[in-house]
1. Answer yes if at least one residue in region 208-224 is of a type in the set (Val, Ile, Thr), modelled with pLDDT under 70, buried (at least 16 other Cβ atoms within 10 Å of the Cβ) and under 17 Å from residue 356 (Cβ atoms), and no otherwise.
2. Of everything in region 113-144, what is open to solvent by less than 60 Å² (accessible area, probe 1.4 Å) and either within 12 Å of residue 69 (Cα to Cα) or hydrophobic (A, V, I, L, M, F, W, C) (or both)? Give them in sequence order.
3. So residue 192 passes all but one of these: (1) assigned to a loop (DSSP other than H, G, I, E, B); (2) modelled with pLDDT of 80 or more. Which condition number does it fail?
4. Among the listed residues 341, 337, which satisfies the condition of being under 25 Å from residue 219 (Cα atoms), part of a loop (DSSP other than H, G, I, E, B), within 33 Å of the chain's Cα centre (by Cα) and modelled with pLDDT of 85 or more?
5. In region 359-376, which residue that is charged (D, E, K, R) and not in a strand (DSSP E or B) is most open to solvent (accessible area, probe 1.4 Å)?
6. Identify the single condition in (1) out of contact with any Phe, Trp or Tyr (no Cβ under 6 Å at 6 or more places or on another chain); (2) under 21 Å from residue 119 (Cβ atoms) that residue 69 does not satisfy, given that it satisfies every other one.
7. Applying the selection to region 303-330, what residues are among the hydrophobic types (A, V, I, L, M, F, W, C) and at pLDDT below 90?
Amino acid sequence: MNSSIESSVARERRALDRERVLTGLLQSSAQGIYGVDRHGRCIFANPAAEAMLGWTADELRDRVLHEVVHHTHPDGRPYRPEDCRILHALHAGSGVRVDDEVFWRRDGSAFPVEYTSTVIVTGGVAQGAVVTFTDISERRRTEQALLAAYEHERVALAKLRELDDAKTNFLATVSHELRTPLTSLAGYLELLADGDVGPVSDDQRLILATMSRNADRLRALIEDLLTVSHIEARPFVLDLAPTDLGALVEEVCAGSRVAAAERGHSLELHLDAGLAPAIVDESHLRRVVTSLVDNAIKCTPPGGSIEVRVRPAPGAVEISVADNGIGIDPDEVPRLFTRFFRTGAAMQLAIQGAGLSLAIARQIVDEHGGTISVETSPGAGSTFTVRLPRRVPSPVPTIA
């Protein structure tokens, strides 16, 4: 008998201990928790629920909570009890999680909530539900701020794209408009220099030569602007064909020797043995090599040395242009191949250029699947290296 009594007392103590633990959890939880019976009437509410709703547990007890805290949709429409998801889940004997509704406080204000309703089942019958909810006002404010920021960025990006398109169209239009009169001007200068319209004195010839050089500079700038506008306006298309790189680079160097000689530079070309034809766009690649050689000539003080080399490499071919000129500050190297960028040294020395040639060169090399890099240091010159992947020519189909 004593043993039975002791066992009963122990069970009661364990039950009390469990009740204390559950009560402690309810009292200390930061989430609002309330319980309803199978008719939706409140049977308990924890302190967090009281704080968020503005009602005490005693005031809520036995009241239908849908009518107290869940009676209206976020847009102000009445929330009919038959549509309530908590009551639906209770009658269906299943749980539900919701994050797009509001609860209403005692003072008539609403706040967005995320809540979970868990059905209490006894003997296979739903006896009620426990609703756990969280005020997500701060989360909603953050989401709205993020959406507003995203919309602002979207509008700004659209405007930037519009401006970029306008800039591209402007460059293309102006460049085309300048090209026609410049071609005419260059033609008349050539007629004058050749004496086709009368004798030319030595002084006049010097003036005509200066005008011709500046016309060439302007033509080169226009071609750069046209190339940039074409690249931006349409996909870059290469006309790939087997090309003798040695002959191509040799031709570029031959055309640059006069400009190099005018500045007292030595211009040397080294063609390594074993060069096979490369599959490249000859016209575009000639432009790359010409830009690198011209930059070396302009950025090297009078009496400098420029070396151009073409050599095979594992799975590739390399073209390098080295000079002993002004070099480039290491901090400026990451921006070197961006459009319209000019180094501080180039601007200080008033070296001619619009900052487009290297950007165009990188675009062309990238489209070939290659790389362009530079090794440089201020006052010690620069070496630009173009590395192009070796492509195997496609076999010519035979006709049976």
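The values are calculated or read from the model by the stated rules, or taken from the named source; none is laboratory data. A quick note: this is a predicted structure, and the numbers were derived from the prediction, not measured. Positions of Cβ are generated from backbone atoms using ideal geometry, with glycine treated the same way; all protein chains shown enter the neighbour counts. Side chains are part of the model used for accessible areas, which takes the heavy atoms of the whole protein and leaves out ligands, DNA and RNA. Shrake-Rupley method; radii C 1.70, N 1.55, O 1.52, S 1.80 Å.
1. So far as region 208-224 goes, no, none of its residues is of a type in the set (Val, Ile, Thr), modelled with pLDDT under 70, buried (at least 16 other Cβ atoms within 10 Å of the Cβ) and under 17 Å from residue 356 (Cβ atoms).
2. Scanning region 113-144 gives 113, 119, 126, 129, 130, 131, 133, 136.
3. (1)
4. Sole residue among the options that is under 25 Å from residue 219 (Cα atoms), part of a loop (DSSP other than H, G, I, E, B), within 33 Å of the chain's Cα centre (by Cα) and modelled with pLDDT of 85 or more: 337.
5. Among those residues, the one meeting the criterion is 362.
6. Every listed condition holds for residue 69 apart from (1).
7. 313, 316, 326, 328, listed by residue number.
Rundown of residues vs (1) within 18 Å of residue 377 (Cα to Cα); (2) surrounded by 13 or more Cβ atoms within 10 Å (Cβ to Cβ); (3) touching an Asp or Glu at 6+ places or on another chain (Cβ under 6 Å), yes/no style:
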{"site": "275", "(1), (2), (3)": "no, yes, no"}
{"site": "281", "(1), (2), (3)": "no, yes, yes"}
{"site": "288", "(1), (2), (3)": "no, yes, no"}
{"site": "306", "(1), (2), (3)": "yes, yes, yes"}
{"site": "319", "(1), (2), (3)": "no, yes, no"}
{"site": "328", "(1), (2), (3)": "yes, yes, no"}
{"site": "331", "(1), (2), (3)": "yes, no, no"}
{"site": "342", "(1), (2), (3)": "yes, yes, no"}
{"site": "357", "(1), (2), (3)": "no, yes, no"}
